[in-house]
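A.B. asks: One structure follows; several queries about it will come next.
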Amino acid sequence: MAVRQARQAPTAAPPRVGAPDADILCVDLVRIFKVASASGPGVEVQALQGLNLRVDPGELVAVVGASGSGKSTLLSILSSLDQPTAGVAWVAGHDLLTMTEKERVVFRRHSVGFVWQQTSRNLLPYLSASENVAAALAIPGQVRGTSARQARVAELLDLLEVSHCAERRPGEMSGGEQQRVAIAVGIANEPRVLLADEPTGELDDTASVHVLEAMRSVNRELGVTTLIVTHDPAVSEHVARTVQIRDGRTSTEVLRSTRLDEHGAEQHVAEEYAVLDRVGRLQLPDEFVTALDLRERVRLALEPDHVGVWPGQQQSAEASVVERAGNERDETPGPHDEPRPAASTPEPDPEDPS
Ligand SMILES: Nc1ncnc2c1ncn2[C@@H]1O[C@H](COP(=O)(O)OP(=O)(O)O)[C@@H](O)[C@H]1O
Ligand SMILES: [Mg+2]
């Protein structure tokens, strides 16, 4: 988050992007909130600071970040409840910046489903689970006829393993059951994209795992593109791809995959990547910055298969004294002759995702 004195919103033309083949595409997405102040000029809160994200059809992706990093702001924009200040945002083939109010209503009914953190926001308290799902079906009228609707409701509750809650109202269900019914409501109209904001935020560990596995099976069985935003890093164990959000920008990604080792045994591999944006910017992980005390500017060198990053000049003045002492001992090259990689991007070590 960045707070600064109010001024004009950026007017730079957004990059032009035609209808993408991705189900979710954000390019340089910016959202600035103007906050009034009783004591002086208002301040601006930059909740999203040029965020880039791409989610392909059928993917299940988690966006993980600390509180205040911009996750809910992102989901409000992707669900068309809020509009970005600048940038590009496409969801399910719709350009969110150019849609009319009427198109937004249709988009929210047919193209996206949501699951919010507050279980009470997802379901109507005076309706049973079946009635909640049926009410969602009734709005767009995709499934016509009472028996067809009843069959679809039963099928959805069964898929989410909450058939036993069919006749119960939200107050008579556990938090986990309510969230699984909420997923059934979210996917009732077969949206292309399902968006979930902290869907496990109010649940204990066991219920959280159950809800995440339910989202995973919905994603696998129905192919609905799914984006979960959460502060809980444990979610990444349930998805193939986790994108880290820091200060309103995506910073790193962890890809999980299963490989066979030389003995034919399955190995779960997690590899961490830094996200490189359109103009070549990336964020170095905090621990790299701290380990080498990187500040203000760094030196870069292009190597045949990686990029080297060294502390910049000011620091290297002190560092070179240390380096020279080191060179005299072991003849390790210093930063002013043949540079030695400090933070580089060679093949990541699958054992060490940091
Ligand atoms: N409507 C709003 N008005 C002013 N500031 C807001 C508003 N919504 C969010 N923010 C600010 O934007 C930043 C990101 O918020 P949010 O997207 O809710 O983060 P997260 O969901 O990751 O916790 C925070 O600093 C928050 O205070
Ligand atoms: Mg939030």
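A.B. asks: If I ask for residues that are within 17 Å of Ala134 (Cα to Cα), in a helix (DSSP H, G or I) and either of a type outside the set (D, E, K, R) or in contact with a Lys or Arg (Cβ under 6 Å, 6 or more places away or on another chain) (or both), which ones from segment 176-208 would you list?
C.D. replies: Within segment 176-208, Gln178, Gln179, Val181, Ala182, Ile183, Ala184, Val185, Gly186, Ile187 qualify.
A.B. asks: One residue is enough: does segment 35-53 have a residue meeting the conditions part of a strand (DSSP E or B) and of a type in the set (D, E, K, R)?
C.D. replies: Yes - at least one qualifying residue is present in segment 35-53.
A.B. asks: If you go through segment 209-235 one residue at a time, how many are in a helix (DSSP H, G or I), within 16 Å of ligand 2 (Cβ to nearest atom) and surrounded by 16 or more Cβ atoms within 10 Å (Cβ to Cβ)?
C.D. replies: Adding up the residues that qualify gives 1.
A.B. asks: Identify the single condition in (1) more than 16 Å from ligand 2 (Cβ to nearest atom); (2) closer than 21 Å to Asp95 by Cβ; (3) not polar (S, T, N, Q) that Gly40 does not satisfy, given that it satisfies every other one.
C.D. replies: Against the list (1) more than 16 Å from ligand 2 (Cβ to nearest atom); (2) closer than 21 Å to Asp95 by Cβ; (3) not polar (S, T, N, Q), Gly40 comes up short only on (2).
A.B. asks: Still on this structure: Could you identify the single residue in Glu59, Glu103 that is more than 21 Å from Leu222 (Cα to Cα) and in the same structural domain as Leu212 (by TED's automatic domain parsing)?
C.D. replies: Of the residues listed, the single one that is more than 21 Å from Leu222 (Cα to Cα) and in the same structural domain as Leu212 (by TED's automatic domain parsing) is Glu103.
A.B. asks: Can I ask one more? In segment 220-238, what count of residues is obtained for those that are under 12 Å from Leu194 (Cβ atoms) and either away from ligand 1 (no atom under 16 Å from the Cβ) or without any contact (Cβ under 8 Å) to a residue 12 or more places away in the chain (or both)?
C.D. replies: 5
A.B. asks: Okay, next question. Return the residue satisfying two criteria in turn: it lies in segment 64-81 and is in contact (Cβ under 8 Å) with a residue 60 or more places away in the chain and among the β-branched types (Val, Ile, Thr), and of such residues it is nearest to ligand 1 (Cβ to nearest atom).
C.D. replies: Thr73
A.B. asks: Working only within segment 42-63, note down all residues that are of a type in the set (D, E, K, R) and closer than 17 Å to Val229 by Cα.
C.D. replies: Within segment 42-63, Arg54, Asp56, Glu59 meet the criteria.
A.B. asks: Now for a different question. Kindly evaluate Lys71 against the criterion of being more than 16 Å from ligand 2 (Cβ to nearest atom), in the same structural domain as Gly223 (by TED's automatic domain parsing) and among the basic types (Lys, Arg).
C.D. replies: No, not satisfied.
A.B. asks: Here is a further query. With the requirement that a residue be in contact with a helix residue (DSSP H, G or I) (Cβ under 9 Å, 6 or more places away or on another chain) and more than 10 Å from ligand 1 (Cβ to nearest atom), what does segment 20-43 give you?
C.D. replies: Ile24, Cys26, Leu29
A.B. asks: State yes or no: is Ser257 without any contact (Cβ under 8 Å) to a residue 40 or more places away in the chain, closer than 26 Å to Pro199 by Cα and in contact with a strand residue (DSSP E or B) (Cβ under 8 Å, 6 or more places away or on another chain)?
C.D. replies: yes
A.B. asks: Moving to a separate point now. Select from segment 59-89 the residues that are in a loop (DSSP other than H, G, I, E, B), under 14 Å from the mean Cα position of the chain (by Cα) and either more than 17 Å from Arg104 (Cβ to Cβ) or of a type in the set (Val, Ile, Thr) (or both) and list them in ascending order.
C.D. replies: Selection gives Glu59, Gly65, Ala66, Ser67, Gly68, Ser69, Gly70.
A.B. asks: I need the full set of residues from segment 87-123 which are away from ligand 2 (no atom under 16 Å from the Cβ), surrounded by 15 or more Cβ atoms within 10 Å (Cβ to Cβ) and of a type in the set (Val, Ile, Thr), in order please.
C.D. replies: Hits for segment 87-123 are Val88, Val91, Val112.
A.B. asks: Residues that are within 30 Å of Ser72 (Cα to Cα) and modelled with pLDDT of 50 or more: find the strands (runs of 3 or more DSSP E) completely inside segment 247-354 holding 3 or more of those.
C.D. replies: Filter on segment 247-354 gives 249-260, 266-274.
The values are calculated or read from the model by the stated rules, or taken from the named source; none is laboratory data. What you see is a predicted model, and the numbers here were worked out from it, not measured in a lab. Cβ: placed from backbone, ideal geometry, glycine included. Neighbour counts: every protein chain shown.
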